[in-house]
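Take a look at the structure set out below.
The values are calculated or read from the model by the stated rules, or taken from the named source; none is laboratory data. Everything numeric here is computed off the predicted structure, so don't read it as measured data. Quick reminder, even Gly has a Cβ in these numbers, built from the backbone with ideal geometry, and neighbours come from all protein chains shown. Keep in mind that these areas ignore ligands, DNA and RNA; they rest on the heavy atoms of the full protein, side chains included. Shrake-Rupley method; radii C 1.70, N 1.55, O 1.52, S 1.80 Å.
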2 protein chains.
Amino acid sequence: MKYLDKLRNSGLRPTKQRLQICEILFDTEKTFHFTINELDKKIKDKIDDKISLATIYNTVHAFEKKGYLKQIPINSNQIYFDTNVTGHHHFYDLKDGKLIDLENSDVGPINIKRKINGKKIKSIEVLVKLEE
Amino acid sequence: MKYLDKLRNSGLRPTKQRLQICEILFDTEKTFHFTINELDKKIKDKIDDKISLATIYNTVHAFEKKGYLKQIPINSNQIYFDTNVTGHHHFYDLKDGKLIDLENSDVGPINIKRKINGKKIKSIEVLVKLEE
DNA sequence: ACAGCTATTTAGAACCATTATAAAGTAGAG
DNA sequence: CTCTACTTTATAATGGTTCTAAATAGCTGT
């Protein structure tokens, strides 16, 4: 199994549910953005077994903690997750609420001149809002 | 009254509630960040009259629509608003969930090389996450 | 100042994403 | 195979936000 070791190596038991969710999230050519609600629908579509909503939340949070997913900082009534965990940025189309990846090469280097004592920068995320 | 014209000029009736909220939001030397919950507490503290929670929501959204407030794009269970509506960015301290302003001069110019057909850039917002 | 119209406020209910709970099930170590 | 800790599950609870419908208050024209 493709994801058995991935899960075991990160201290997560490779349960049937987690393996199935792995396939939906990571067995794709392209990375993508999703909300829990969208993931739930995709699971219902692609998998015969039922996975409880609570498990979907648990799994997504576990994967996020392990660095396999990340949240996209955006104001919305639901949380957006990204299967692309490399440093990159987003366009946010205000008209239809869609997110579009901005590759790192699409954005010039970002220079943060100010320092905060005792803290270090974990990530820099740019959101570019688009209008008509 | 200081905010009477501001409200009237933007087509908002200057009601007692709106004027009182204006004083709390805009009658300060420094701009600040807040959630609805925090604003509600501040109103209870500083004002004798009661303002209903629904009115606080209505007013904040009305002010946002008029450009007197803006939302800060960040994943949180509640929406963060900013009384500083000029283009600027934020540090987000992951430890305590606090936001710190980054003046425009603290961040070098940001160059977005990619274009989306038929769309134009409305805003560019940078969130710098801090850890220990 | 008054009437009439429309915007606004209000309390409370409704909504909905997310989290908590506690019982049943399952993986892995020995 | 057994024991234990981890996981899943259905369901309830939580909490921020929005909706509703009735009461109130600005505003315009007279």
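Listed values, structure above:
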quantity: Accessible area that becomes buried as B packs against A, both chains, 1.4 Å probe, Å², nearest 100; calculated: 3600 Å²
quantity: Binned Cα-Cα distance frequencies in the protein assembly as shown - 5 Å width, integer %; calculated: 1, 5, 11, 13, 15, 14, 13, 11, 8, 5, 3, 1, 0, 0, 0
quantity: Whole-percent carbon and sulfur share, accessible surface of the stretch B:86-130, 1.4 Å; calculated: 50 percent
quantity: Radius of gyration and maximum dimension Dmax of the stretch A:4-80, Cα, Å; calculated: 12.2, 35
quantity: Counted charge near A:Lys2, where neighbours are those whose Cβ lies closer than 11 Å (Asp, Glu -1; Lys, Arg +1); calculated: -2
quantity: Residue-normalised accessible area of chain A, expressed per residue, 1.4 Å probe, Å²; calculated: 59 Å²
quantity: Counted charge near A:Phe26, where neighbours are those whose Cβ lies closer than 14 Å (Asp, Glu -1; Lys, Arg +1); calculated: +2
quantity: Position A:Lys2, label points 7 Å along Cα→Cβ, spacing to each other copy in nm (shortest first, one decimal); calculated: 6.1
quantity: Cα-based equivalent ellipsoid of the stretch B:86-130: semi-axis lengths in Å, sorted from largest, via gyration tensor; calculated: 25, 12, 9
quantity: Intensity falloff of chain A expressed as log10 I(q)/I(0), Debye formula with alpha-carbon point scatterers, at q = 0.09 Å⁻¹; calculated: -0.33
quantity: Cβ neighbours within 10 Å from other chains - mean over A:100-111; calculated: 4
quantity: Degrees, to the nearest 10: A:36-46 long Cα axis against longest axis of chain A; calculated: 40 degrees
quantity: Inter-copy spacing of A:Asp45 label points, which lie 7 Å from Cα along Cα→Cβ, given in nm from shortest upward; calculated: 4.8
quantity: Accessible carbon and sulfur surface of the stretch A:4-80 relative to its total accessible area, %, 1.4 Å; calculated: 44 percent
quantity: Distance between the stretch A:44-105 and the stretch B:24-88 - C-alpha centres, whole angstrom; calculated: 28 Å
quantity: Using alpha-carbon coordinates, inclination of helix B:16-26 to the longest axis of chain B, degrees; calculated: 40 degrees
quantity: Shielding by partners - mean other protein chain Cβ count within 10 Å, residues of A:116-126; calculated: 6
quantity: Label geometry 7 Å along the beta-carbon vector: B:Ile121 inter-copy distances in nm; calculated: 1.7
quantity: Share, in percent, of DSSP beta bridges within the stretch A:86-130 that are antiparallel, nearest 5; calculated: 55 percent
